[in-house]
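*Asks:* I am attaching a structure below and will ask some questions about it afterwards.
Nothing in this text is a laboratory measurement; each read-out follows from the coordinates by a stated rule. Note that this is a predicted model, so its numbers are computed, not measured. In this analysis, Cβ positions are derived from the backbone assuming ideal geometry, glycine residues included, and neighbour counts consider all displayed protein chains.
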Amino acid sequence: MEQFNEKGMILIETLRKMYEHLIWANKSILETLQKLEDENHEVSRLFSHILFSEKVWITRLQGVDSSRLPIWLDVDLEVCKELVRHNEESVKIFLSNLAETDLDKVISYKNSSGKEFENNLREILTHVAIHGQYHRGQINLLLRANGNEPVNVDFITFMR
């Protein structure tokens, strides 16, 4: 059992580091978008999707029905800024109360179409961290295509 506890703690610390990176990456993207002279609709749409998706998953993890929350919604950067702040606060609270025994807890939820699913906490937390990075890559591709410098949101850059 001692070995499991050690591995469980390593996993929790890895998840916490992934979420510190997620928060840093969201703030980095937000800061860059706020400096751009011309707002790109698709970039803003992708960024707000990351943030709304995080909010939906946090809501589900809190045991609250998320089926009516948007995951795609056109909003301005002020709304994104508030979502970044709110998601950061919610994630920090959730992770600070996370124990290794929670990782296998199954969460039941409905997606925006009303379809029911179940996943364990470990799977959900991993998904959310990876999902955002996927869309940040799309944002960077669009930034470069529009003549702007992409935002380096690599995990290793964060760790440095």
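*Asks:* Which is the longest run of the chain containing none of the GluC sites (Glu not before Pro) found in DSSP loop states (not H, G, I, E, B) with at most 11 other C-beta atoms within 10 Å? Don't skip to the answer; put the middle values down first.
*Replies:* Working: sites that count: GLU37, GLU39.
Counting at most 11 other Cβ atoms within 10 Å as exposed, the longest clean stretch of the chain is 40-160.
*Asks:* Any chance you could list P(r) for segment 116-160, counting all Cα-Cα pairs in 10 angstrom bins from zero, rounded to whole %?
*Replies:* 24, 38, 25, 12, 1
*Asks:* Also: List the trypsin sites (Lys or Arg not before Pro) in segment 4-84 that DSSP assigns to loop (not H, G, I, E or B) and whose Cβ has at most 10 other Cβ atoms within 10 Å. Which are they? Mind dumping the intermediate values first?
*Replies:* Working: sites: LYS7, ARG16, LYS17, LYS27, LYS35, ARG45, LYS55, ARG60, ARG68, LYS81; in loops: ARG68.
Sparse-neighbourhood loop trypsin sites (Lys or Arg not before Pro): ARG68.
*Asks:* Starting at 0 and stepping by 5 Å, how many percent of the alpha carbon pairs of segment 63-160 end up in each bin?
*Replies:* Pairs per bin, as whole percents: 2, 9, 12, 21, 23, 15, 10, 5, 2, 0.
*Asks:* For the chain, set up a Gaussian network in which alpha carbons nearer than 10 Å are linked by springs, and say which option among ASN140, ASN120, ASN87 fluctuates the most.
*Replies:* It is ASN120.
*Asks:* With 29 Å as the limit, write out which pairs from LYS81/LYS110; LYS17/LYS81; LYS35/LYS92; LYS35/LYS115 have Cα-Cα distances beyond it, or answer none.
*Replies:* Working: LYS81/LYS110 27 Å; LYS17/LYS81 22 Å; LYS35/LYS92 27 Å; LYS35/LYS115 40 Å.
Beyond 29 Å: LYS35/LYS115.
*Asks:* Summarise the long-distance tail of P(r) for segment 1-111 by giving the % of C-alpha pairs beyond 17 Å.
*Replies:* On the way: 3654 of 6105 pairs.
That fraction is 60 percent.
*Asks:* Pairs of Cα atoms under 8 Å, at least six residues apart: use those to get the relative contact order of the chain, whole percent.
*Replies:* Numbers: 147 pairs, mean separation 46.9, N = 160.
Reported as a whole number, the value is 29 percent.
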